[in-house]
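See below for the structure under consideration.
The values are calculated or read from the model by the stated rules, or taken from the named source; none is laboratory data. Quantities reported herein were computed from a predicted structural model and do not represent experimental measurements. Glycine also receives a Cβ, built like all others from the backbone with ideal geometry; neighbour counts cover every protein chain displayed. Heavy atoms of the whole protein, side chains included, go into the accessibility calculation; ligands, DNA and RNA do not. Shrake-Rupley method; radii C 1.70, N 1.55, O 1.52, S 1.80 Å.
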Amino acid sequence: MLRRYVTSPRTGYLLLLCLTLSAAARTRPHYGGMLRIETQGDPWQMPDGIARRLVLDTLTTVSDTGGAQPALAMRWESQSAAHRWEFRIRPGVRFQDGEALTSDAVATALTDVCSRGAAAVCPWRTVRGVGPSVVFTSDSSVPDLPELLAQTEFAIARQDSTGAVIGTGPFRVTGFTNGALTLVANDDCWSGRPFADGVEVRTRRAVRDQWMDLSVGKADIVEVPPELLRQAEQQHLHVLQSRPVDLLAVTIAPNGWLASREIRQSAALAVDRTALYNVIFQKQGEVTASLLPQGLSGYSFLFASDRDLDRARALRGGASPASLTLGADDTNATTQLAAERLALNLREAGFNVQVAQAGSRPTSQLVLRRVHLEETGGEAALDEMLSRFGQNRTVSGAGAASLWQEERGVLENETVVPLLWLPRAWAVGERVRDLRLLSDGEPDLSDASLEGAK
C-alpha cells in the first residue's frame, strides 16, 4: 500500500535549508592536512619547478589575458620611453624567517639572478633600491617589463646561513629527505595563509609509479604527460589540462657543415611534425612552426609546417654529409622516441644522423628541446621565447603584425625549428578540493584544500 506524505511549506523550506547547509559543510574549504605531489623532475628547476611557485613570489603576476597584476610590487610606472621603470614595493611583507622585504633586498635578489650566468635574460642594465621603490634602467626600451618580471626566474629569494632558500610565498622549506621535499604553511604570508598545513613533493617519480600512488591514496596530485591524456581518460582519472604551454623544438648549431643556411633549411624541411603529433604525442597539442601557440599569437598558421622532403634533398645537394648527433635536453622516454623519429626523418633527406645516448649532456649539433612558456601576452611571450633560445630579448614593437615580422626574422635563420605545442595536465585525487591550474599549466595551491582535513 502506498502512503502519501504531505509536508507544509514551512517544513519543506526547513528540509531544503538543512540539505543546503549539509552540502555546504561538505564542500566548504578546511584548513589542515598535507598535500602530496609527485613529479618526474626537479622541484627547483628553472623556470617551472613546482617548489619555486610555492616558496617564492615575483614582483608581478600575469592574468590569463596577459596583463601584469600586482604582487610584491603594488604599482609601477615607466619614464623615458620605458627606459626607466619604478616599482613600489608592497609594505609589511616579510621573508619566511621574519626579515622585512625591502627595496634593497629585492634589488639584491634580482642582481644575483643576473650574476648567476643569466645576464643575457635580464632585460635591464641596472637595478637598485631607492626608498620604498625598486628602479630599473635599461639601454633600450622595455615596455613589457611588468609582464616579464612575473616569470619565476625573477622570483625574489635569498639564502640563510645554511644555504636554504627563503622567500615570501605561502610555504617554506623544512627539509629534503629520501627524495621528498617538505614544505609547511607560512602562517604570516602577505597573501594569506594557504588551507593546507604543508606540501610534500616526491621527486624523480616515474609516471607509472605516480599513477599507482594516486590510485591507492598515497598521492594527491600527479603528472599526466600529453601523450598519456587519452589513457588517463580511459582510466577515469580526474584530470586538469592547460592550454599549450610547452614548445617542442629542435635547435641547430650554425657551425661546421651546418654553418650553411641552406643545409639548416634542408633539415627543417625534412622533419615530419604530423607524424610526431599523431604517433608519438597521440594528437595532443598542436602542430606548429612558430615560437608562439596559435591561440596566443593568432598568426602561427602563417608559418608553413608541412614536410617537403623533395626540397629538403635538393637544398642539401649531393655533397657527402658530415656525421651529426641529435641529442635531447631530458631523459624522458617520449622525448627519446621523438628524437629517434626525427633522426629517421633526417636520414630520409640524406643526413647522416645518430641519436645521442639518453642522459648524455646535449652538446650535439642538433638538440631536441622542450621549452616552457609562462607569459600569456603576445609581446612578453615572444620576448620570453627568444630569451629561452638565446636570442635578443626585447621585441621592437607591439601588435600581431610587428610580432610576426620579428619572429619571422628569427626563424629564417633556421637555428630554431619549432615542432609542436603541448599542454600540461595533472591528475587529482578525490580528497582535493578547489585546485586549479595557473595560466602556464602549473598547479595553483592558493585555494586548494583537503576534504576532511582537521
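Got at least one residue in region 105-114 being in a loop (DSSP other than H, G, I, E, B) and either on the phi < 0 side of the Ramachandran plot or open to solvent by 20 Å² or more (accessible area, probe 1.4 Å) (or both)? The answer is no; no qualifying residue exists.
Would you confirm whether or not region 398-417 contains a residue that is β-branched (Val, Ile, Thr), touching a Phe, Trp or Tyr at 6+ places or on another chain (Cβ under 6 Å) and within 29 Å of GLU227 (Cβ to Cβ)? Spell out the reasoning first.
If we filter region 398-417 for residues that are β-branched (Val, Ile, Thr), which is where we start, we get 410, 415-417.
Subset that is touching a Phe, Trp or Tyr at 6+ places or on another chain (Cβ under 6 Å): 416.
Add one more test, that the residue is within 29 Å of GLU227 (Cβ to Cβ), and what stays is 416.
Yes, some residue in region 398-417 is β-branched (Val, Ile, Thr), touching a Phe, Trp or Tyr at 6+ places or on another chain (Cβ under 6 Å) and within 29 Å of GLU227 (Cβ to Cβ).
Scanning for something open to solvent by 30 Å² or more (accessible area, probe 1.4 Å) and either within 25 Å of ALA381 (Cα to Cα) or acidic (Asp, Glu) (or both), does region 211-221 turn up at least one residue? No, because not a single residue in region 211-221 is open to solvent by 30 Å² or more (accessible area, probe 1.4 Å) and either within 25 Å of ALA381 (Cα to Cα) or acidic (Asp, Glu) (or both). Selection of region 288-328 for residues being hydroxyl-bearing (Ser, Thr, Tyr), over 17 Å from ASP272 (Cα atoms) and surrounded by 14 or more Cβ atoms within 10 Å (Cβ to Cβ) yields SER297, TYR299, SER300, THR325.
Inside region 169-179, residues that are at pLDDT below 95 and open to solvent by less than 30 Å² (accessible area, probe 1.4 Å) make up a count of 2. Going by the structure shown, is ALA249 open to solvent by 50 Å² or more (accessible area, probe 1.4 Å) and at negative phi? So ALA249 fails the test.
Of all residues in region 154-196, those satisfying the criterion of being over 26 Å from ALA453 (Cβ atoms), more than 21 Å from the chain's Cα centre (by Cα) and not polar (S, T, N, Q) are ARG158, ASP160, GLY163, ALA164, ILE166.
Residues checked against (1) open to solvent by 40 Å² or more (accessible area, probe 1.4 Å); (2) under 20 Å from PRO29 (Cβ atoms); (3) touching a Lys or Arg at 6+ places or on another chain (Cβ under 7 Å):
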| position | (1), (2), (3) |
| --- | --- |
| SER191 | yes, yes, no |
| ASP197 | yes, yes, no |
| GLU200 | yes, yes, yes |
| ARG204 | yes, no, no |
| ARG208 | yes, no, no |
| GLN231 | yes, no, no |
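Quick one: in region 117-157, of everything that is in a helix (DSSP H, G or I) and either open to solvent by 20 Å² or more (accessible area, probe 1.4 Å) or basic (Lys, Arg) (or both), which residue is modelled with the lowest pLDDT? That would be ALA119.
The residues of region 170-214 that are touching a residue at least 60 places away in the same chain (Cβ under 8 Å) and in a strand (DSSP E or B), listed by number, are PHE171, ARG172, VAL173, LEU181, LEU183, GLY198, VAL199, GLU200, VAL201, ARG202.
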